[in-house]
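Written below as structure tokens is the structure these notes are about.
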Amino acid sequence: QAKSAGRDGYRFFDPVLQSKLEARAALETALHGAIAARQLALHYQVQVNARLQPVGVEALLRWRHPHHGQVPPGQFIPIAEASALILTLGEWVLQAACTQLRAWADQPHACRLTISVNVSARQFAHPGFVDQVHAALASTGARPDRLVLELTESTMLHDIDDTVRKMQTLRSLGVRFALDDFGTGYSCLSQLQRLPLYQLKIDRSFIQDLGPQASDAVIVRTIVGMARSLGLHVVAEGVETEAQSKALAQLQCPGFQGYLFGMPQPAPALEAWLRSQAGTLTVVHSEPSIF
Ligand code: C2E
Ligand code: MG
Ligand code: MG
Ligand code: MG
């Protein structure tokens with residue numbers, strides 16, 4: 001049974017680790033076939049402005065496995081990221097999101113929405129990334145100024161010159177960039193300032209403790225103020241309660257996303273919700289400066 005020998009001659013076999021590795025390998029094999037088997041879908045979660053009007057959505061990848069049911073992205077994205085599979089998945093996501101943007105362009109309640117797409121480090125680092133985005137826009141006819149790409153700090157700061165070049169090329173097409181999970185990384189402001197960013201997304205860990213007597217309010221207030229002085233838009237992630245929403249409004253946070261405003265849902269459900277809101281809300285134009 002022993003799989004390997006240690007340096008000092010001990011042989012070990014860890015059945016728990018072994019079954020984890022086997023489960024992971026099985027998931028990876030299944031994931032390879034997921035696109036062809038049409039098991040992938042994008043769900044969309046609404047983002048609202050300070051007046052609580054819908055201005056955009058985040059596209060979130062969903063995988064329905066025939067036996068395991070819905071596999072959460074936290075489980076399968078890391079597996080895909082460990083291999084070139086993330087490139088195939090990432091391309092599928094971009095194509096699907098741009099196809100949706102083009103379809104919404106003809107719908108009065110959805111035509112002004114932006115779609116934010118999560119981009120993996122490996123996908124962004126790939127030399128073909130800019131072409132991949134370009135191809136998705138061109139083949140679908142989606143408006144580049146409706147597409148927002150979400151990157152994380154570690155993705156952007158890995159090779160900052162390459163990052164700036166890629167971002168500037170896509171910016172010149174009209175594509176915008178958001179920094180996802182902001183506050184969880186270690187980036188210094190001088191580095192971030194070099195990047196042509198549009199938006200910071202405050203990580204939900206900072207939103208969780210916001211309430212009537214919020215100690216984290218200091219952090220959120222600082223992020224909002226800093227973003228404003230840098231000319232960046234801000235979205236608070238993971239807003240679940242009225243108390244959090246009120247606290248954020250008091251801190252003059254300009255954008256919100258979270259279960260309080262809507263769950264991630266398939267496009268038809270989101271469209272129905274937008275139509276039902278249409279009487280009570282006016283969808284406003286989403287432009288780079290909405291302060
Ligand atoms: P993320 O980009 O930070 O996305 C936000 C996550 O928070 C989503 O989890 C969303 O469902 C969840 N969320 C939204 N509102 C709330 C709330 O009020 N409370 C709580 N507790 N959670 C909320 P999800 O869909 O499970 O995705 C997890 C992560 O997987 C994403 O984090 C993103 O990093 C990654 N991911 C999802 N779709 C894609 C994709 O298409 N490509 C890539 N590369 N990564 C993706
Ligand atoms: Mg995201
Ligand atoms: Mg993310
Ligand atoms: Mg996030």
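A few remarks follow.
- Computed with a 1.4 Å probe on the full set of protein chains, the accessible area for H43 sits at about 40 Å².
- What a 1.4 Å probe finds exposed on the stretch 84-133 is 54% carbon and sulfur by accessible area, rounded to a whole percent.
- Since only S187, V220, L251 are under comparison, the one whose Cα sits farthest along the positive direction of the charge dipole of the stretch 166-272, derived from C-beta charges on Lys, Arg, Asp and Glu, is S187.
- Total charge dipole magnitude, the chain, about the Cα centre, Cβ charges on Lys, Arg, Asp, Glu only, Debye to nearest 20: 340 debye
- Here is the list for the stretch 173-211: chymotrypsin sites (Phe, Trp or Tyr not before Pro) lying in DSSP coil, each with at most 15 other C-beta atoms within 10 angstrom of its C-beta, are Y186.
- Whole-percent pair-distance distribution, where bins are 10 Å wide, for the alpha carbons of the stretch 119-167: 24, 54, 21, 1
- For the stretch 131-234, the solvent-accessible area of protein heavy atoms averages 47 Å² per residue (probe radius 1.4 Å; ligands and nucleic acids excluded).
- Expressed as a whole percent, the accessible surface of the stretch 191-277 that belongs to carbon and sulfur atoms is 50, based on a 1.4 Å probe.
- Sorting the Cα pairs of the stretch 210-265 by distance into bins of 10 Å, from 0 upward, gives 25, 54, 20, 1 percent per bin.
- Each peptide in 103-110, 20-27, 129-136 gets a packing score, the mean of other Cβ atoms within 10 Å over its residues, and the list from highest to lowest is 129-136, 103-110, 20-27.
- Alpha-carbon Rg/Rh ratio, for the stretch 1-158, with Rh computed the Kirkwood way: 1.10
- Mean residue ellipticity (222 nm) of the chain, computed from DSSP H runs ≥ 4 via -39,500 (n - 2.57), nearest 500: -13000 deg cm²/dmol
- Surface listing: L230, L274 arranged by accessible area from highest to lowest gives L230, L274, probe 1.4 Å.
- Dividing the convex hull volume of the alpha carbon atoms of the chain by its residue count gives 172 Å³ per residue.
- Accessible-area value, T169, 1.4 Å probe, nucleic acids and ligands omitted, Å²: 70 Å²
- Only the Cβ atoms of Lys and Arg (+1) and of Asp and Glu (-1) were treated as charged; on that basis the dipole of the stretch 8-135 about its Cα centre amounts to roughly 360 debye.
- Lys/Arg +1, Asp/Glu -1 at C-beta; the stretch 1-134 dipole; positive extreme among G128, T88, L42: L42
- Sequence-distant contacts, meaning Cα pairs under 8 Å at least 6 residues apart, place the relative contact order of the chain at 19 percent.
- Expected-Rg normalisation [2.2 N^0.38 Å, Cα atoms] applied to the stretch 27-85: 1.40
The values are calculated or read from the model by the stated rules, or taken from the named source; none is laboratory data. Nothing here was measured: the structure is a model prediction, and the numbers come from that model. All Cβ positions, even for glycine, are placed from backbone atoms using ideal geometry, and neighbour counts span all protein chains on display. The protein model used for the area step is the full one, side chains on, heavy atoms only, and it has no ligands, DNA or RNA in it. Shrake-Rupley method; radii C 1.70, N 1.55, O 1.52, S 1.80 Å.
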